[in-house]
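**Student:** Mind looking over this structure? Questions follow.
Rule-based calculations on the coordinates, nothing more; no lab input. In this text, all values refer to a predicted model and were calculated from it rather than measured experimentally. Note: ideal-geometry Cβ built from the backbone for every residue, glycine included; neighbour counts use all protein chains shown.
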Amino acid sequence: MPGIGFIRPAGGGGAGGSVYVTAYSDAGFTTPITSADIGDTIYIKAVPLSIAPVEYLFVFEDINGNLFNIYQGADDNTSWVLEGALGNGQLFCFGTEDASSPESWVGQSKDFELAGFEGILQAYPNNNVWAGSQIALRYDFTDPLVRYRRASDNDAGDFSRDETVTPVRITGNSILSNGAPSSNDGDALSTFVSGTNAFVPTLYDQTTNNNDAFMSTQIQQPQSASTGSLIEFSSLPALLFNFSNSNKLNLWTSGAVPPFVYQTLGTSITLLAKVRPTAFNSGVAGAWFGENVIIELQSIASGHVPISAGFDSAGRIKVGVSDNGISSYDAFFSTFTCSTNTDYEIAVTIDNNEIKIYINGSLDSTHTIVNATSDRTIGATASEGNIFGRVNNNVLTFNGYGYSMVLKSEVLNASDILNIYNNNLL
């Protein structure tokens, strides 16, 4: 595949900087062919070309540090596509126009069509274990985001994203596919749920792991629509998890060996979740778990818990781990107390024996694991994993609305967490 690379000179770039362009060719990168002073408008960073079927990719960075991707279709030498926050319009740009004749064009203005967005799984593409939402978390995930079951006749069907809105997400215009037993593929979601409630038996994994979250017990499925209207806040679709109905979703079948990607989770974890709690219920919390759990992974045999996170009855975020069940565990609480009916972006990182809790992009507290310092991985043993509810327990479930969740087998730093929050990536 042809490739293009750009080199920003040492100490240069930005206002008044000279930029050197490397021609693209079938053989890959070649020698620089020209340079130009582009003033204080835009400068360019190096980037690998790896997104099929894109042929030529340009990445621009403006003087404020904002990145914009521009790519060209494989069979089109004149139409260019802008991906980023600028939207439709013109961008002052610089690059090489034709693979067969690398003639530079400098200081030109071309029209660009907004064709994509940067989701969190593009911004942070490595070590993604699971990601689910009714909002698209990566632009190249075109499979259904969610499966709905309507209460009127228990028909179910998959729904994909509506690309006419920002952020790209499930709306009433999302189209039905794989409907069963009597619904009509091609119907809009608004038609499918008209006059009835709807629930979610499957929230599809948007990573490449294809480990979808599910709930086969109807009473425990989270609610997605009420009397024909999608459940939304600020136009964002949300799933209602009702504490009294023990709503939750399974990451794998209880008592089964977990998918391989979960087996080695233990000392390098990042959890990202956007939620809206409606109540902080009092339960029989103890050990590592809280009363309102939003995720828990546990080995039944060994009692290993690489992560359990949620809220306590006072509204504090509680995070726990264990290396030997209730005989060896640690649990920590946020300093900040959350309120009901308020949106929060929560991030938890576990870096060996250090746990950090972030709320809305800011570091809340740092904690040191003292007891559960041995192996906390689940391994290839009988185990359980749930989101918005506790494993092996139908009482300590989350009470409120869930928007998005991402689980990673790496530790994001404070700058990453803040960037995700500031740019609404979750």
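**Student:** Extending each Cα 7 Å along its Cβ direction at THR368 and SER244, get the distance between those two points in nm, one decimal.
**Tutor:** The two pseudo-label positions are separated by 4.6 nm.
**Student:** Quick check on packing: order 298-308, 218-228, 261-271 by the mean number of other C-beta atoms within 10 Å, highest mean leading.
**Tutor:** Values: 298-308: 22.4, 218-228: 18.6, 261-271: 20.6.
Ranked from most to least packed, the peptides come out as 298-308, 261-271, 218-228.
**Student:** Once label points are set 7 Å from the Cα along Cα→Cβ at both ALA279 and ILE219, what is their separation, rounded to one decimal in nm?
**Tutor:** 1.7 nm
**Student:** Next question. Could you work out the Rg to Rh ratio of segment 120-422, with Rh taken as the Kirkwood radius (inverse of the mean 1/r over all Cα pairs)? Each step should come with its number before you reach the end.
**Tutor:** Numbers: Rg = 18.3 Å, Rh = 19.1 Å.
That ratio is 0.95, to two decimals.
**Student:** When you have a sec, figure out the Kirkwood radius of segment 336-416 from all distinct Cα pair distances and drop it here in Å to one decimal?
**Tutor:** Numbers: mean 1/r = 0.0659 Å⁻¹.
One decimal place: 15.2 Å for the Kirkwood radius.
**Student:** To continue, here is another question. Rank by packing, highest mean first: peptides 327-339, 236-248, with packing defined as the count of other Cβ atoms within 10 Å averaged across residues. Spell out each step's value before the answer.
**Tutor:** Details: 327-339: 17.0, 236-248: 21.2.
So the peptides 327-339, 236-248, ranked by packing, come out 236-248, 327-339.
**Student:** Note the direction-averaged projected area, equal to a quarter of the hull surface, for the Cα convex hull of segment 118-209, in nm². Walk me through the numbers on the way to the answer.
**Tutor:** On the way: hull surface 23.5 nm².
Across all orientations, segment 118-209 yields a mean hull projection of 5.9 nm².
**Student:** So, R0 is 30 Å and r is the distance between the beta-carbons of PHE260 and ASP185; what FRET efficiency does that work out to, to 0.05? Let's see the in-between values first.
**Tutor:** Values: r = 33 Å, r/R0 = 1.11.
That gives a FRET efficiency of 0.35.
**Student:** Let me ask something else. Could you grab the Rg to Rh ratio for segment 193-306? Cα atoms only, Kirkwood for Rh. Numbers along the way, then the final one.
**Tutor:** Numbers: Rg = 15.8 Å, Rh = 16.2 Å.
In segment 193-306, Rg relative to Rh is 0.97.
**Student:** Still on this structure, I have one more. Quick one: Cα centre-to-centre distance for segment 376-426 and segment 195-258, in angstrom?
**Tutor:** Taking the Cα centre of each part, segment 376-426 and segment 195-258 sit 15 Å apart.
**Student:** What residues qualify as long-range amide H neighbours of ASP364, i.e. H under 5 Å apart, gap of 5 or more or another chain, H built at 1.01 Å from N?
**Tutor:** Counting only residues 5 or more places away or on other chains, the set is ILE357, TYR358, ILE359.
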